[in-house]
Amino acid sequence: MKIGILGLGLIGGSLGYDLRSQGYHVLGVTRRRSTCERAIALGIVDAASVDMNLLATAEVVFICTPIALIIPQLQQLMNYLPLTTVITDVGSVKTPIVQAIAPLWKNFVGGHPMAGTTDSGVEAAQRDLFLNKPYVLTPDATTPQTAISVLEKIVRSLGANLYFCSPQEHDQAVSLISHLPVMVSAALIASAMNETDPQVLQLAQNLASSGFRDTSRVGGGNPELGVMMAQYNRQALLSSLQQYRQNIDELTNLIQQENWAALELKLQSTAQARPNFVE
Ligand code: NAP
């Protein structure tokens, strides 16, 4: 089977490695010629071009461009593909993408591999990136079962753990476990930066160790990604932030009231719940 990948960066390139190793014939289209040459040299694709026409014979196409380009790129890509081509994307937010593309392309299934690194570009691509990682598909009521089955087989061949849900459920869930943590972690760093006593601030910087490293990691990441999350998943993120604020208020009240027993109960419940999210 021929599979097309549009956008040969971290995710598109990593898909290329694994799909080729599963015996698929991989065709890559990306913005820069230098990336095409590099992708061929690295063994990510069988053929690459900056011309979308290369994807005309692909039975399935993965759109792996930055999220803001997914819809405009699909609108261009449509002119090159037969209606039977199954198209999917890997964007980290699903509702706006599925809502825009589903009416335009019948055989479209939204997708999101929950795998990545902080690096980007074709050089960041790696083998087995999706192995044992969640991979979400978000078909809606109109998505043809044949398109879902084709993608299901491909995703399972990557060794990923496949989940199905609606685009809205996906966006609410990732806002809780991915987008909210970025904002909370950013607020944590900002709070530490607000210390007005320069000596205390310097001391805090000197003493910061593994606890601060863990809790500040996602807030100290790529600002563009954080803005993208807020922009494309605004409603779900606002609702998650509201829930977070309620919890901060509750903890603040318990401490103000010196209600140590209730605080302990709260912390016991969070300690018990954490393994349900992370092993
Ligand atoms: P990335 O490493 O920056 O790769 C995106 C690639 O798209 C770039 O390398 C660029 O290739 C290419 N590109 C840019 N404009 C293009 C255009 N107009 N036409 C064709 N190709 C174009 O980004 P990424 O991390 O792989 O993210 C790609 C998608 O995956 C995003 O939608 C993101 O939401 C999603 N995602 C990311 C992660 C993550 O952790 N990073 C995880 C899951 C999903 P050139 O070198 O040719 O310019």
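The values are calculated or read from the model by the stated rules, or taken from the named source; none is laboratory data. Everything quoted here is computed from the prediction, not taken from an experiment. Reconstructed Cβ throughout: ideal geometry from the backbone, glycine too, with neighbour counts over all protein chains shown. Ligands, DNA and RNA are excluded from the accessible area calculation, which covers all protein heavy atoms including side chains. Shrake-Rupley method; radii C 1.70, N 1.55, O 1.52, S 1.80 Å.
Hey, among the residues in segment 13-32 that are near the ligand (Cβ under 6 Å from one of its atoms) and not hydroxyl-bearing (Ser, Thr, Tyr), which one's surrounded by the most Cβ atoms within 10 Å (Cβ to Cβ)?
The qualifying residue surrounded by the most Cβ atoms within 10 Å (Cβ to Cβ) is 31.
Right, residue 248: more than 28 Å from residue 66 (Cβ to Cβ) and either modelled with pLDDT of 95 or more or in a helix (DSSP H, G or I) (or both) or not?
Criteria met by residue 248.
Filter segment 94-125 for residues that are in a strand (DSSP E or B) and either more than 7 Å from the ligand (Cβ to nearest atom) or of a type in the set (Val, Ile, Thr) (or both) and give the result.
108, 109, 110, 111 - these are the residues of segment 94-125 that are in a strand (DSSP E or B) and either more than 7 Å from the ligand (Cβ to nearest atom) or of a type in the set (Val, Ile, Thr) (or both).
Any residue in segment 138-157 that is within 16 Å of the ligand (Cβ to nearest atom), within 21 Å of residue 92 (Cβ to Cβ) and open to solvent by 60 Å² or more (accessible area, probe 1.4 Å)?
Within segment 138-157 (the criterion being within 16 Å of the ligand (Cβ to nearest atom), within 21 Å of residue 92 (Cβ to Cβ) and open to solvent by 60 Å² or more (accessible area, probe 1.4 Å)), the answer is no, since none of the residues qualifies.
Please work out which one of (1) closer than 18 Å to residue 19 by Cβ; (2) open to solvent by 20 Å² or more (accessible area, probe 1.4 Å) is the condition residue 122 fails and give its number.
Residue 122 satisfies all of (1) closer than 18 Å to residue 19 by Cβ; (2) open to solvent by 20 Å² or more (accessible area, probe 1.4 Å) except (2).
Considering 1, 114, which residue is in contact (Cβ under 8 Å) with a residue 12 or more places away in the chain and under 30 Å from residue 219 (Cβ atoms)?
When all the criteria are applied, what remains is 114.
Output the residue which, of all residues in segment 82-100 that are surrounded by 22 or more Cβ atoms within 10 Å (Cβ to Cβ) and either among the aliphatic types (A, V, I, L, M) or outside the structural domain of residue 146 (by TED's automatic domain parsing) (or both), is farthest from residue 167 (Cα to Cα).
So the residue we want is 86.
Check whether at least one residue in segment 223-233 is hydroxyl-bearing (Ser, Thr, Tyr) and either surrounded by 12 or more Cβ atoms within 10 Å (Cβ to Cβ) or at pLDDT below 95 (or both), and report yes or no.
Yes: one or more hits.
Each row is one residue, and each column tells you yes or no for (1) within 11 Å of the ligand (Cβ to nearest atom); (2) within 15 Å of residue 15 (Cβ to Cβ).
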| site | (1), (2) |
| --- | --- |
| 40 | no, no |
| 45 | no, yes |
| 48 | yes, yes |
| 52 | yes, no |
| 56 | no, no |
| 63 | yes, yes |
| 69 | yes, no |
| 75 | no, no |
| 82 | no, no |
